[in-house]
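First the structure, in the form of structure tokens, and then the observations on it.
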Amino acid sequence: MVLRIYLVGGFNGGSGRTLTAALLAYGLHLQAHPTMLVRQTYEGSVSTIDPIETTLPLPCCDLMLPAPYQLPADLTAGLVTTIHGADARFTMALMERATAEIGSDGDVVVDLCCHERALNAAAIRDAAVILVPARASVPEIDWAVRSISYIRDTQRYRNTPVATLLATIAPESERVRQMALLGGMLRDCDPERDLIPGEPADIVVDVPFLDAASLTALLDERPIWRDPQLIERCRAFAAAVAVRADRCMTMLTEDADDL
Ligand SMILES: Nc1ncnc2c1ncn2[C@@H]1O[C@H](COP(=O)(O)OP(=O)(O)OP(=O)(O)O)[C@@H](O)[C@H]1O
Ligand SMILES: [Mg+2]
């Protein structure tokens, strides 16, 4: 068996990566999978006390994205991109850390930083599932669409399809409007369905939405994780990610066979 890596990433800050990663990790943990949550840090990132790490009842740790390779100045731009794209040092360190913590058959959820290098070709290739959170405002949806387009473009170029989902974060009352915006923007940037072969809704999964009281309780480091409703929602979230990821992989491989 192997460790399954769930990357939660995207290029804009404040998009919901940390909370989405925690809710998914908790859902996987509730399905009795050995699960670990890893927060990716980078040189110069601000070190904070994380209320999720201190309250979530499963192994959590920080792991640094290594500094980029120092390359000779006379390399061509193409070669530099290839070398940085193939840099798998973070994934190797991740596997080593996770194997020591939860063994070699389990789920590792990674809360990526929003640095471009966090989603290089090697990280994308080695993931089992990639989730890009999308909050409800137009700029946030726009960023999520750009992020998912970049990720799918990298997969297509390198022929390394990986289930890539949009994790939508919105209160119930906003979901229809959010989905309409998302669908419209996805189709605008991919009119020929080269990047996303099926319908936008096929790659969307709703993240459990926390109300203001739960968010405040979490920030106060109160253990929100014992709430039976939250337990049920996280379990359902992890199950929905598995179903959507399977469907997405089927779509991507059928599409690749058709080419
Ligand atoms: N599931 C959710 N339910 C309700 N609100 C959410 C949810 N996820 C994110 N948010 C809102 O979005 C804010 C940012 O979320 P989060 O800290 O997870 O994003 P991030 O991408 O990790 O940000 P950063 O760039 O600071 O690391 C939260 O403080 C919260 O207000
Ligand atoms: Mg964060």
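The values are calculated or read from the model by the stated rules, or taken from the named source; none is laboratory data. Quick caveat: nothing in here was measured; it's all calculated off a predicted structure. Positions of Cβ are backbone-derived with ideal geometry, glycine not excepted, and every protein chain shown enters the neighbour counts. Side chains included, ligands, DNA and RNA excluded: accessible areas come from the protein's heavy atoms. Shrake-Rupley method; radii C 1.70, N 1.55, O 1.52, S 1.80 Å.
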From the option list Ala245, Ala239, Ala180, single residue qualifying as assigned to a helix (DSSP H, G or I), away from ligand 1 (no atom under 16 Å from the Cβ) and buried (at least 19 other Cβ atoms within 10 Å of the Cβ) is Ala245
Quick count over region 132-154, residues being part of a helix (DSSP H, G or I) and either open to solvent by 70 Å² or more (accessible area, probe 1.4 Å) or of a type in the set (D, E, K, R) (or both), is 9
For region 1-38 the number of residues that are at pLDDT 95 or above, of a type in the set (Gly, Ala, Ser) and more than 16 Å from ligand 2 (Cβ to nearest atom) is 1
Scanning region 48-97 residue by residue, those in contact with a Ser or Thr (Cβ under 9 Å, 6 or more places away or on another chain), within 13 Å of Ala123 (Cα to Cα) and outside any helix (DSSP H, G or I) turn out to be Leu65
Out of (1) closer than 21 Å to Phe90 by Cα; (2) open to solvent by 10 Å² or more (accessible area, probe 1.4 Å); (3) within 13 Å of ligand 2 (Cβ to nearest atom), the one Pro51 does not meet is (1)
Note on Thr168: of the conditions (1) among the polar types (S, T, N, Q); (2) touching a residue at least 40 places away in the same chain (Cβ under 8 Å); (3) crowded, with 22+ Cβ neighbours inside 10 Å, unmet is (2)
Note on region 109-131: residues aliphatic (A, V, I, L, M), open to solvent by 10 Å² or more (accessible area, probe 1.4 Å) and part of a helix (DSSP H, G or I) are Ala121, Ala123
Scanning region 17-37 for residues that are open to solvent by 20 Å² or more (accessible area, probe 1.4 Å) and within 22 Å of Ala212 (Cβ to Cβ), the one nearest to the chain's Cα centre (by Cα) turns out to be Arg17
Exactly one of Ala245, Ala238, Ala213 is touching a Gly at 6+ places or on another chain (Cβ under 7 Å) and of a type in the set (Gly, Ala, Ser), and that one is Ala238
For Leu37, the lone unmet condition from (1) closer than 19 Å to Arg222 by Cβ; (2) not in a strand (DSSP E or B) is (2)
_Meets criteria (of a type in the set (Asp, Glu) and either open to solvent by 50 Å² or more (accessible area, probe 1.4 Å) or without any contact (Cβ under 8 Å) to a residue 12 or more places away in the chain (or both)) for Glu221_ = yes
Q) Looking at Glu199, is it open to solvent by 70 Å² or more (accessible area, probe 1.4 Å) and out of contact with any Pro (no Cβ under 7 Å at 6 or more places or on another chain)? A) yes
* Yes or no: Ile231 crowded, with 18+ Cβ neighbours inside 10 Å, within 30 Å of Thr250 (Cβ to Cβ) and in contact with a helix residue (DSSP H, G or I) (Cβ under 7 Å, 6 or more places away or on another chain)? -> no
Of the residues in region 186-224, those that are at pLDDT 95 or above and within 15 Å of Leu30 (Cβ to Cβ) number 1
